[in-house]
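Heads up: the structure comes next, in structure tokens.
The values are calculated or read from the model by the stated rules, or taken from the named source; none is laboratory data. Here the structure is a predicted model, which means the values were calculated and not measured. Cβ coordinates were reconstructed from backbone atoms using ideal geometry, including for glycine residues, and neighbour counts include every protein chain displayed. Surface accessibility is based on the protein's heavy atoms, side chains included, excluding ligands, DNA and RNA. Shrake-Rupley method; radii C 1.70, N 1.55, O 1.52, S 1.80 Å.
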Amino acid sequence: MSDSIEESIVYWQGKDVVVPEFEKLKQTFKYVMGLGESFDVNFREMTFGGRHTGLLFVTGLTKDTALTEIFERLSYINPREMNADAAQDFFEYYIPHIQVNKYTELSKIILQVMSGMSAFFIEGEETALVIDTRSYPTRSPEEPSLERVVRGSRDGFTETLLTNVSLVRRRLHDPGFKLELLQVGRRTKTDVCIAYIDDIVDKVQVDSIREKIEKVNLDGIPLADKQLEEAIINKGWNPYPLVRYSERPDSVASHLLEGRVVVFVDTSPSVMIMPTTFFDLCQHAEENRQTPFMGTYLRLVRFIGIFASLFLLPLWMLFVIDPSLKPVGMEFIGPQDSVKLPIIVQFLIVELGIDLMRMAAVHTPTPLASAMGLIAAILVGDVAVKTGLFVNEVLLYMAFAAIGMFATPSYELGLANRIIRLLLLVLVAAFKAPGLIIGTTVIILALTLHRSYNSSYLWPFIPFNAKAMMETFIRSPLLASKKRPSFNKPRDNTRQPLKKK
């Protein structure tokens, strides 16, 4: 038992080095990485140029064609052409591959092999060559289901880190685009990449994120970016997200140009964008794919839906509980007949029912999805109202709130707004108008104190920035946006070069 590969190697062979004897080396591989026990761990021994060699690799993560071509080239080596330093000869002359590195620490070699590379050992040498022959099971870059657009690119991130980085690099040919690779997890050694544009981003913010990632001391993050978010942000029980997730490379590229920091995690099809704000989570790529007028219209409709999902139900229930607060001309609001269940109980039951249907829709096979929708519409909707269990208006306004939640671009923000809506409903049922006022005030104060990497979560509302607030609700024309958002603290805040006099 050990906390790291280095400790295991030191325990079994005394030092973290490449031993020149293959028998000792294979014993270390057996105890440390399961050679001979795990069927996919292989050590292929062959003779090239009169030297006994061995290739260590993991079958499922290695590209067979690349290894076959390398072996074919090595089979033509004349033993008389080999010098005393065989490792240097293989490195300089005989291995026809682009990415080859020399290592003397056995722990680094094993880590590379477990990630899909191949290690080439020469008996009698204390140096091994690591060849990049990785070939991961991948899927094609398809359009993400949560961020669909009518017009725009149809490619999206996959579960492979290199593919995701390449999709963004394709859109940013800036030499200042930097990618820093780290590893997180004592056992998983998951690759984590910090991406930013060097001359735009706030370097203090980059250093802070890098330092927090390096301090993560976990056995692993098999759930990728979500576990890393909890490890570096420590947001506790606050339901509101402090990072923005995206699966669209075009959206990520635009955020990098604004001065944001992007964190890629291997095996995850989404990336984290930091820092972020409440209003930033309410914006969608579709708004920038339309004309400024139509983009502004779509943005305003989306904001109306989001705020309706938060406050429509509490306001309606307040008017039902206290009819004296109804505006003039809106006396029709509220149930006209007596109800069997209290309104708050009806809301809680319907909220629970919608959550159950949402979870059932995720786990229902596609051929049965239509049948489940009919069951929900007929049994939950029609029958429940006819039996007097629910009021028509309860289902109507709950449907509006659910549509507003699903119209929220950020899935995490939609779920957080749902929890806040439930809290406001309970406060209105208990304290009427004071409950709604105090609850809303406390929520605004909590979001104001909520910090996203030392930046205000409610910017530009708090602290108030009139110009940025206008751009939050109005999609400005491209050439009219001459400055980057000050929220990101960019080193270069100019989008367009200044006109020379």
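So which of Asn465, Asn417 is buried (at least 16 other Cβ atoms within 10 Å of the Cβ), free of Cβ contacts under 8 Å to residues at least 40 places away in the same chain and either touching a Leu at 6+ places or on another chain (Cβ under 7 Å) or among the polar types (S, T, N, Q) (or both)?
From the options Asn465, Asn417, the qualifying one is Asn465.
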Scan the stretch 33-50 and report the pairs whose first residue is free of Cβ contacts under 8 Å to residues at least 24 places away in the same chain and whose second residue is open to solvent by less than 60 Å² (accessible area, probe 1.4 Å) and part of a loop (DSSP other than H, G, I, E, B), with Cβ atoms within less than 8 Å and a gap of 6+ or a chain change. Val41/Gly34
Whichever residue in the stretch 420-448 is within 18 Å of Leu318 (Cα to Cα) and among the hydroxyl-bearing types (Ser, Thr, Tyr) and, among such residues, is most open to solvent (accessible area, probe 1.4 Å): Thr441
Just to be sure, is Ile462 in contact with a helix residue (DSSP H, G or I) (Cβ under 7 Å, 6 or more places away or on another chain), part of a loop (DSSP other than H, G, I, E, B) and either closer than 30 Å to Tyr397 by Cα or of a type outside the set (Gly, Ala, Ser) (or both)? yes
Of the residues Arg418, Arg475, only one is touching an Asp or Glu at 6+ places or on another chain (Cβ under 6 Å) and closer than 29 Å to Glu147 by Cα; which? Arg475
Restricted to the stretch 211-247, and to residues that are among the aromatic types (Phe, Trp, Tyr) and surrounded by 14 or more Cβ atoms within 10 Å (Cβ to Cβ), which residue is nearest to Arg186 (Cα to Cα)? Tyr245
So Asn217 ticks every box in (1) in contact (Cβ under 8 Å) with a residue 60 or more places away in the chain; (2) within 25 Å of Ser107 (Cβ to Cβ) but one. Which box is left unticked? (1)
Hey, can you tell me all the residues within the stretch 114-146 that are assigned to a loop (DSSP other than H, G, I, E, B) and hydrophobic (A, V, I, L, M, F, W, C)? Met117, Leu146
Close pairs from the stretch 92-103: first under 19 Å from Ile77 (Cα atoms), partner hydroxyl-bearing (Ser, Thr, Tyr) and open to solvent by 80 Å² or more (accessible area, probe 1.4 Å), Cβ under 9 Å, at least 6 apart: Tyr94/Tyr76
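Can you confirm whether the stretch 295-303 contains a residue that is farther than 21 Å from Phe406 by Cβ, part of a loop (DSSP other than H, G, I, E, B) and either open to solvent by 10 Å² or more (accessible area, probe 1.4 Å) or hydrophobic (A, V, I, L, M, F, W, C) (or both)?
no
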Subset of the stretch 77-90 that is closer than 17 Å to Pro20 by Cβ and not aliphatic (A, V, I, L, M) - its residue that is surrounded by the most Cβ atoms within 10 Å (Cβ to Cβ): Phe90
